[in-house]
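Engineer: Please find one structure pasted underneath; my questions will follow.
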Amino acid sequence: MKKEQYSIEPFLDLSAILTGFERVDLLGTGMVDIYYDEVVNVVGKATSRELWETTAQIIERSGKDGRKFETAIRREILASAKFGPIARNIIQMWYTGIWNELPQSWRDLYGTSPDDTTRIISSEAYQQGLVWEVIEAHPPAAKQPGFASWSYRPSGDKH
Amino acid sequence: MTIIKPLIIANRHRLVREGRPRIPEAARIKTLPSLRRHLQTAIELEHSTIPPYLCALYSIEEGDNLPSSEIIQSVVVEEMLHMILASNVLNAIGGQPSINHPRFIPEYPTFLPHSDKSFEVGLQKFSKPTIDTFLRIELPAKPKAPPEANRYHTIGQFYEAIEDGLIRLSEEKNIFTGDRARQITTEYYYGGGGGVIPVHDLDSALKALSEIVGQGEGVYHTIFDGDHKLFGEKIEYAHYFRFNEIHEERYYTKRDTPKSGPTGKRLPVNWDGVYDMRPNPKMKDYPKGTELRKKIYDFNRIYVSLLDDLHRAFNGEPKQLLNAVVRMYDVKYQAIELMKIPVNEEGMTAGPSFEYVPPKG
Amino acid sequence: MAEKIYDAVIVGAGVAGAIVAKTLTQAGYRVLLLEAGLQAGLAFAEAKAYENYQSYMDTFYNALAKVPNAPYPNLQDAPSPNVLDLSPIQGTTPDTTGYFVQKGPLPFGSDYARTPGGTTLHWLGTCLRMLPNDFRLKTVYGQGVDWPISYEELKPYYEMAEREIGVSADVEDQIYPNTGKDFFGKGYVYPMRKIPQSYLDQKFIKGVRGMKVGVKGDEYELYVISTPQGRNSIPNDRYNLVGPVWDKATQRLVMKHSDDAHYNPVGAIWDPYTGQRCEGNANCVPICPVQAKYNALKTLKNARRDRLDIVTQAVASKVEIDPTTGRVTAITYKKYQDPDSPEYTTETARGTIFVLAAHSVENAKILLASGVANSSNQVGRNLMDHMVFLTWGLMPERVYPYRGPGSTSNIPVFRDGEFRERHAAFIMPIDNWGFGWPANAPYSDLSAAVNRMNLFGKQLRRHLNDTVARQLLLHFECEQLPQPENRVMLDPRYMDQLGNFRPVIQYNVSDYTRAAMAAAKNISDQIFARVGIEDYSEYNPTDADYLIYDGVGYTFWGAGHLVGTHRMGFARSDSVVSREQRTWDHENLFLVGCGNMPTIGTSNPTLTMAALSFWAAENIIRELQ
Ligand SMILES: Cc1cc2nc3c(=O)[nH]c(=O)nc-3n(C[C@H](O)[C@H](O)[C@H](O)COP(=O)(O)OP(=O)(O)OC[C@H]3O[C@@H](n4cnc5c(N)ncnc54)[C@H](O)[C@@H]3O)c2cc1C
Ligand code: SF4
């Protein structure tokens, strides 16, 4: 972790609760720093810092698991006009490697960045998409599972 | 002195010895059970190099060091072939390979099984010292080093003792009484040089062994100071020379001899394009209950299931090899994930620990 | 080089051109191959070949819409059609959005790739032979036309094609309607064992076992078979054919039996050990990362390179004819350096025999632009495709789609039968990639779950796992009959930047085929009811190829099977080539590719076309002797 621990930590915690993956699993993709930069770059330093601070405060109040934490995330982040669209984007970014252009209503209020366009963040991002693991498959054209693998039930060893 | 001649068959370089091995009386394998034990050791020996090779391979960042990755990968695939071949020989003489017992995986760092304990092999990231170790593993025998049945300076000597045992014992009676259905046949092996040889008599057994040593470190000393023309495009060299290309960061050319070393085109190596895996990772490095401990445990579970698949494949269910290959990919992806997880301030990362963990439940 | 006289000049480095080039060079002839695509795509040296292919992979990874042509360069100087350009055609105004000028009334929904290796770079690889009755549709069912070649005659050439492509299947599984006992010939086996059927197939097969479906009062018992595929599997040790080789005595190409013949799966062009088995990348369309799936570069790599000159970035534009003899004297091509620049030089290629292998639409274009081979007025006409009709729904339990090759099984029951007097035949592949094709899953599922259902975290994971892992896609490929009005035309108002014509396409689907879609939907409904599949199929007037039959709306998709634009026939009056694959009008001009096929049947066309390419090569060798 080369980034300031202070910001990366809440980003990682937020990503974990939003995606339903463990922190180590997210670290294992090698994408944490890149996605962190992506968010900061598109939504700006000030807004992202606010989001990390809010996350850190929630964690301080309600810990990192359990219903209390989830409820706080839903109320204070997903339901927030400012943070909700970013949080939903963070989920989709982890799941597919795609950054989606933020809704126009959000852009009108909080500003537009030239990088706020719908696109695949990088080859690597596509290949680390988590949605494929969620459905017990693999990203098409990456992480090939080997001859005849498709004729078996997925191993499920990881779950 | 035995007479050695280099042989290139279908683009694969082989060193074959004429005549039979000469083993001092004391070092001979004299009974069938002892021969079986030695073949079981052979399987363990071939396996013991795989985790270290895999660690080096998977520590290379994706897309970097392609030539080196390709070389290590090709060696790993052939080590697996060697496990298959050794199992075929063992099955042919009525033995039962045991692949999934708790002590099958050595505890790294380790001396190679039955070696003379002159060096240790560990789980390390791709680096120059790591390649040094690999060279020692695949080291050809020194001149005048006779085969020994218990303390082997090189893998080649060990196999020569087995070869001698096979020949001697089958002169006494037919030892090839194993069930043919237990042999792994050609259709399940692909993706690398060489081929599976089903074993049912002395001839096929010796072929299988020479495939192992010919591919491995090229058992015979002459290659060190010999001046045979062994190299050239599209020829697959013994493992030692392949690793040596990485070590010297240069390819061999047609004109090269073992003595000259590689003098060809540069083989680009980026020693920094590597995850900084903390050497010899262990589950116990991380407190129980932590996510990381669990993740390494999960890795080991998959690795052990892979060994289970192999065990079944070598014990009458050859089709299980298909499963093993699928599991092998899982092992790879899980190992790479671990390689990316930072574990300390210096940016070192976790890694696969290759420890035996019993099945759940 | 231009003035050198070759034994044969071939246009197009796809599978058709590659087979002719390989066969002729191996028989000792000197061949010039002209290819419109980029030089880089023809690299065979290991490092360069790898590097170029990785550049396709990288483009693919970074493409938002992973359509068939996504990985490959789209060249201004030799454009390719793209399915992203499709939309419903408004009134009589042609849609000029993409490379095709679509006159409709329905847009033509299939594409191809103009790049070395051609469309096989992004084909799926399904390799079924056509059925005997497909060759005599007119005689047996009073529909379409008959072929001037019978199944029996083509059979040995199918064996050549199956070896060249490397087809994996078990003969025992291959049971089709009305084929008789001797369909494969005694003792024949495919080069490799069947590709394992998917877990999803196995669940589906359980669900329909013993099921009878009713169609218009008739009952049919369903059965599912594994699909022959041009992707690597375990070699069959009983396979004992080598060749084809030219047999002087009989003046034919023949396969030789040999007891130590041993089929070696052909790996990637950059490394023989890569792709020796299908590794389950689930991405055959648009690109197989390991080249376990056949593509035409593999054939070209094994041509005799010392007798083969290849000129790339060479767009053939005109066939030159000697007006007195009617023989072709040369092919004129435009050679470009930079695919984005309109600059080019004009060059000519000379030879004894000329072969167009630029694929159906491009072959027709070259002929029309040159005003040759068209005394029948059939060039460009009878364009056909399979209408891909899809139905999709959620299985009652998880079947784990998005794994393995695109399709590993099919229901062959409706490939032939008396119903063909009334409506088109169809094959029913069971697809492995969920709702990806019709509904852009799993992206659409994710977006709905996050943005509309407001799910996150573990709940989101559970929801997606529970739904997406149950997705089933059924697939019906319906036969289209030859109709002269379905055609490729030229119009000087529509040119590309090199000054070559863009294809103007007029296209519709007849009631004969529409009725098959209705039957297909009916069968699908019965299957869904039997298996307990929750139907999610949806067809909207905003879909590019939406049509109405009997008051009901259906959507179909293009199959990529472009057939019929220069068909073969019995007589010069109603066909472009003879059974020799030679144009009736010019004795040294041969055409190869799916354009020669008089009808399309229910097989994906490439295997048959590859067989015909060997057949054509044989005739060319005979001519050159
Ligand atoms: C998505 C998709 C899936 C498919 N799946 C299957 C399947 O499962 N089974 C099956 O049987 N078929 C399938 N097909 C069809 C199959 O891909 C084609 O039938 C086959 O590739 C055609 O081969 P060809 O050699 O005739 O043409 P192409 O492969 O298209 O090759 C033509 C070559 O000619 C070159 N060329 C074009 N114009 C010129 C010119 N003017 N001058 C010089 N060179 C030129 C092109 O660059 C290209 O290299 C599929 C097609 C698609 C689109
Ligand atoms: S499933 Fe994968 S490996 Fe197999 S052919 Fe398709 S893309 Fe290639």
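Here, each number is a calculation from the coordinates, and none is a lab measurement. The model shown is predicted, which means the values in this text are computed figures rather than measured ones. Heads up, the Cβs are rebuilt from the backbone with ideal geometry, glycines too, and the neighbour counts pull from every protein chain shown.
Engineer: Give me the inter-chain shielding for B:318-331: mean count of other chain Cβ atoms within 10 Å, whole number please.
Structural biologist: Mean shielding by partner chains, rounded to a whole number: 4.
Engineer: Helix C:360-370 versus the longest principal axis of chain C: what is the Cα-based angle in degrees, 0 to 90, to the nearest 10?
Structural biologist: 30 degrees
Engineer: Turning to a different aspect of this structure: Once amide H atoms are built 1.01 Å from N in the peptide plane, which residues 5 or more positions from residue C:167, or in another chain, come under 5 Å H to H?
Structural biologist: For residue C:167, whose amide H was placed from the backbone, the distant partners under 5 Å are C:192.
Engineer: Under the definition of Cα pairs under 8 Å and six or more residues apart, what whole-number percent is the relative contact order of the stretch C:1-96?
Structural biologist: It comes to 17 percent, rounded to a whole number.
Engineer: Which whole number in µm²/s is D for the stretch B:243-350 by Stokes-Einstein, with the Kirkwood Rh taken over Cα pairs at 10 °C and 1.306 mPa s?
Structural biologist: It diffuses with D of about 93 µm²/s by this estimate.
Engineer: Sticking with this one: Go through the stretch C:34-42 residue by residue and turn each phi into a ³J(HN,Hα) via Karplus (6.51, -1.76, 1.60, θ = phi - 60°); whole Hz please, and just put x for glycine and proline.
Structural biologist: Per-residue couplings from phi come out as 9, 9, 6, x, 6, 4, 4, x, 10 Hz.
Engineer: So what's the gap between the Cα centers of the stretch C:581-625 and the stretch C:349-374, to the nearest angstrom?
Structural biologist: The stretch C:581-625 and the stretch C:349-374 have Cα centres separated by 13 Å.
Engineer: Residues with amide H under 5 Å of residue C:75's amide H, sequence separation 5 or more or different chain, H placed in the peptide plane at 1.01 Å from N; which?
Structural biologist: C:80
Engineer: For chain C, just list the percent of Cα-Cα distances falling in each 10 Å bin from zero outward, please.
Structural biologist: Going out from 0 Å in 10 Å bins, chain C shows 3, 17, 29, 29, 17, 5, 1, 0 percent.
Engineer: Same structure again: Mind pulling the angle between the C-alpha long axis of helix C:457-468 and the longest principal axis of chain C? Nearest 10 degrees, somewhere in 0 to 90.
Structural biologist: Relative to chain C, helix C:457-468 is tipped by roughly 70 degrees.
Engineer: Taking H placed 1.01 Å from N in the peptide plane, check which residues at least 5 places from residue C:352 or on another chain put their amide H under 5 Å from its amide H.
Structural biologist: Placed amide hydrogens put C:6, C:7, C:8, C:9 under 5 Å from residue C:352.
Engineer: Exceeding 26 Å between C-alpha atoms, which entries from my cross-link table qualify? They are A:82/C:458; A:143/B:295; C:103/C:365; A:68/B:360; C:293/C:458; B:207/C:48.
Structural biologist: A:68/B:360; C:293/C:458; B:207/C:48, as the Cα separations exceed 26 Å there.
Engineer: What are the ³J(HN,Hα) couplings of the stretch B:105-119, residue after residue, when phi is run through the Karplus curve with 6.51, -1.76, 1.60 and θ = phi - 60°? Round to Hz, x for glycine and proline.
Structural biologist: Ordered by residue, 3J(HN,Hα) equals 8, x, 8, 7, x, 8, 7, 5, x, 6, 8, 7, 6, 8, 7 Hz.
Engineer: If packing is taken as the average count of other Cβ atoms within 10 Å, what order do C:444-451, A:17-24, C:550-557 fall into, highest mean first?
Structural biologist: Order by mean packing, descending: A:17-24, C:444-451, C:550-557.
Engineer: Helix A:32-43 versus the longest principal axis of chain A: what angle, 0 to 90°, nearest 10, using Cα atoms?
Structural biologist: With both axes taken from Cα atoms, the answer is about 40 degrees.
Engineer: Using a 10 Å cut-off around each Cβ, can you sort B:37, C:307, B:22 from fewest to most neighbouring Cβ atoms?
Structural biologist: Exposure proxy ranking, most exposed first: B:22, B:37, C:307.
Engineer: Sticking with this one: What percent of all Cα-Cα pairs in the stretch A:72-159 falls into each 5 Å bin, going from 0 up to the bin containing the maximum distance?
Structural biologist: Values per bin, smallest distances first: 3, 12, 18, 17, 15, 13, 9, 6, 4, 2, 0.
Engineer: Equivalent ellipsoid semi-axes for the protein assembly as shown, as square roots of 5 times the alpha carbon gyration tensor eigenvalues: give them largest first, rounded to whole Å.
Structural biologist: Result for the protein assembly as shown: semi-axes of 50, 40, 29 Å.
Engineer: Looking at the stretch C:211-363 from every direction and averaging, what is the projected area of its Cα convex hull in nm²?
Structural biologist: Value for the stretch C:211-363: 18.3 nm².
Engineer: Over the Cα atoms, compute the radius of gyration (one decimal) and Dmax (the largest Cα-Cα distance, rounded to a whole number) for the stretch C:392-446, in Å.
Structural biologist: 14.6, 45
Engineer: Two decimals, Cα atoms only, Kirkwood Rh: what is Rg/Rh over the stretch C:28-140?
Structural biologist: 1.07
Engineer: May I ask you to evaluate 6.51 cos²θ - 1.76 cosθ + 1.60, the Karplus curve with θ = phi - 60°, for each residue of the stretch B:269-275 and list the ³J(HN,Hα) values in order in whole Hz, giving x for glycine and proline?
Structural biologist: In residue order, the calculated couplings are 10, 10, 5, 9, x, 9, 6 Hz.
Engineer: Can you tell me the relative contact order of the stretch A:5-151? Whole percent, Cα pairs under 8 Å, sequence separation 6 or more.
Structural biologist: That works out to 20 percent.
Engineer: What is the P(r) of the stretch B:259-304, as percent of Cα-Cα pairs per 10 Å bin from 0?
Structural biologist: Distribution as computed: 20, 30, 20, 16, 13, 2 percent.
Engineer: What is the Cα convex hull volume of the stretch A:5-151 when expressed per residue in Å³?
Structural biologist: Dividing the Cα hull volume of the stretch A:5-151 by its residues yields 116 Å³.
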